[in-house]
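A.B. asks: What follows is a single structure, and I will ask about it in a moment.
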């Protein structure tokens, strides 16, 4: 990638970041609803009878179980914490000069789909961890210490590691020709 | 699928694979309880003291208890995810995974670590003043603005390192 294109990347990045924030703010209400209902569906796939409730309340998910009293344990969890990484991922993709070339839109859609799957899984593990540790005697009776450790580990992994690292991984993975050209290594392989 | 097969044969594909592997190892190590208790918590406390010092220089009567930074006007708790370690790991693993001379990697890691530390300090101080003057904006500013900025900063730093230093 010639030097002027590299300069364009740095000039485009703040604008791409601002645009991504605006886009994220616009789609957030609908995305929250889709995210909570998909996570609820995923949880219920593994339940007989299906009892998990993941409701959308503004920018938060309300997690509970329909087989418990309405006033028993409910967890309110910020959905923004789960899907804010859409902003840096989208900003990095849009800042690359010529990102639309070579099926760029298709790559962008694939990248966003993978991010969305990671968000559903992240919420899924939050729900499972809450059931394993947040419902008092019921949790103690239904989950052993190993299960709690494993679920805690998975929750941490999706909450911190996946959230913070996916933008760079997906950016390089889906736009590798453009990104490595940007880095100055396009002619190696 | 053809795209993925093509990717794994490229330098970018190798980078992604090595980067994902190093990240997984790095985050797993940080998650281990002994490491968390003896390294991560101490580091977070250190970050809280750094922020206290910065706020004191700005005229605030700041104190630290554990990982809670307090002044008579506002208090913030610095948790995992707020201490900058994740952004540092994103950058450091990117540097380690990219083919470059060891010396250049070590210099990159050292400078990147300090730069992200400094950026995170600015973030904590900015969030503190957001809490003081616009507490209703604190939540959005914390997650939406600053966490996004921290990721973009770490990635930008890595891009700069590769462009200017890793290959020169």
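A.B. asks: Tally up the residues in segment B:119-156 that are under 12 Å from the mean Cα position of the chain (by Cα) and within 11 Å of chain A (Cβ to nearest Cβ), please.
C.D. replies: Count: 10.
A.B. asks: Being surrounded by fewer than 21 Cβ atoms within 10 Å (Cβ to Cβ), closer than 24 Å to residue A:93 by Cβ and free of Cβ contacts under 8 Å to residues at least 40 places away in the same chain, is that true of even one residue in segment B:64-73?
C.D. replies: no
A.B. asks: So residue A:144 clears everything in (1) within 12 Å of another protein chain (Cβ to nearest Cβ); (2) within 19 Å of residue A:125 (Cβ to Cβ) except one condition, right? Which one?
C.D. replies: Of the numbered conditions (1) within 12 Å of another protein chain (Cβ to nearest Cβ); (2) within 19 Å of residue A:125 (Cβ to Cβ), the odd one out for residue A:144 is (1).
A.B. asks: Okay, next question. Is there a residue in segment A:82-100 that is surrounded by fewer than 16 Cβ atoms within 10 Å (Cβ to Cβ), in contact with a strand residue (DSSP E or B) (Cβ under 7 Å, 6 or more places away or on another chain) and modelled with pLDDT under 90?
C.D. replies: no
A.B. asks: Within 25 Å of residue B:51 (Cβ to Cβ) and either at pLDDT 90 or above or within 14 Å of chain A (Cβ to nearest Cβ) (or both): is that true of residue B:110 in this structure?
C.D. replies: yes
A.B. asks: Which condition does residue B:100 not pass, out of (1) surrounded by 22 or more Cβ atoms within 10 Å (Cβ to Cβ); (2) more than 17 Å from residue B:156 (Cα to Cα); (3) within 14 Å of chain A (Cβ to nearest Cβ), if it passes all the others?
C.D. replies: The failed condition is (1).
A.B. asks: Can you find even one residue in segment A:160-169 that is assigned to a loop (DSSP other than H, G, I, E, B), in contact (Cβ under 8 Å) with a residue 60 or more places away in the chain and at the interface with chain B (Cβ under 9 Å from one of its Cβ atoms)?
C.D. replies: no
A.B. asks: Somewhere in segment A:15-30, is a residue under 22 Å from residue A:113 (Cβ atoms) and touching a strand residue (DSSP E or B) at 6+ places or on another chain (Cβ under 9 Å)?
C.D. replies: Looking through segment A:15-30, at least one residue is under 22 Å from residue A:113 (Cβ atoms) and touching a strand residue (DSSP E or B) at 6+ places or on another chain (Cβ under 9 Å).
A.B. asks: Working carefully through the options B:79, B:165, find the one that is assigned to a loop (DSSP other than H, G, I, E, B) and surrounded by fewer than 17 Cβ atoms within 10 Å (Cβ to Cβ).
C.D. replies: B:79
A.B. asks: Does segment A:172-185 include one or more residues that are under 24 Å from residue A:123 (Cβ atoms) and either touching a helix residue (DSSP H, G or I) at 6+ places or on another chain (Cβ under 6 Å) or more than 8 Å from every other protein chain (Cβ to nearest Cβ) (or both)?
C.D. replies: Yes: one or more hits.
A.B. asks: Now for a different question. Of the conditions (1) more than 11 Å from chain A (Cβ to nearest Cβ); (2) closer than 26 Å to residue A:12 by Cα; (3) surrounded by fewer than 22 Cβ atoms within 10 Å (Cβ to Cβ), residue B:60 satisfies every one except a single condition; which number is it?
C.D. replies: Residue B:60 satisfies every listed condition except (2).
A.B. asks: Within segment A:7-14, does at least one residue satisfy the condition of being assigned to a loop (DSSP other than H, G, I, E, B) and loosely packed, with under 14 Cβ neighbours inside 10 Å?
C.D. replies: No.
A.B. asks: Still on this structure: Given the criteria at the interface with chain A (Cβ under 10 Å from one of its Cβ atoms) and out of contact with any helix residue (DSSP H, G or I) (no Cβ under 7 Å at 6 or more places or on another chain), does residue B:10 qualify?
C.D. replies: No.
A.B. asks: A follow-up question, please. Out of all the residues in segment B:10-24, is one or more closer than 20 Å to residue B:82 by Cβ and within 20 Å of the chain's Cα centre (by Cα)?
C.D. replies: yes
A.B. asks: Can you tell me which residues in segment A:63-77 are within 19 Å of residue A:158 (Cβ to Cβ) and surrounded by 15 or more Cβ atoms within 10 Å (Cβ to Cβ)?
C.D. replies: A:63, A:75, A:77
A.B. asks: Any chance segment A:115-126 includes a residue that's touching a helix residue (DSSP H, G or I) at 6+ places or on another chain (Cβ under 7 Å), assigned to a helix (DSSP H, G or I) and either over 25 Å from residue A:34 (Cβ atoms) or facing chain B (nearest Cβ under 10 Å) (or both)?
C.D. replies: No - not one qualifying residue is present in segment A:115-126.
The values are calculated or read from the model by the stated rules, or taken from the named source; none is laboratory data. Everything quoted here is computed from the prediction, not taken from an experiment. Here the Cβ is made from the backbone with ideal geometry for all residues, glycine too, and neighbour counts use every protein chain on show.
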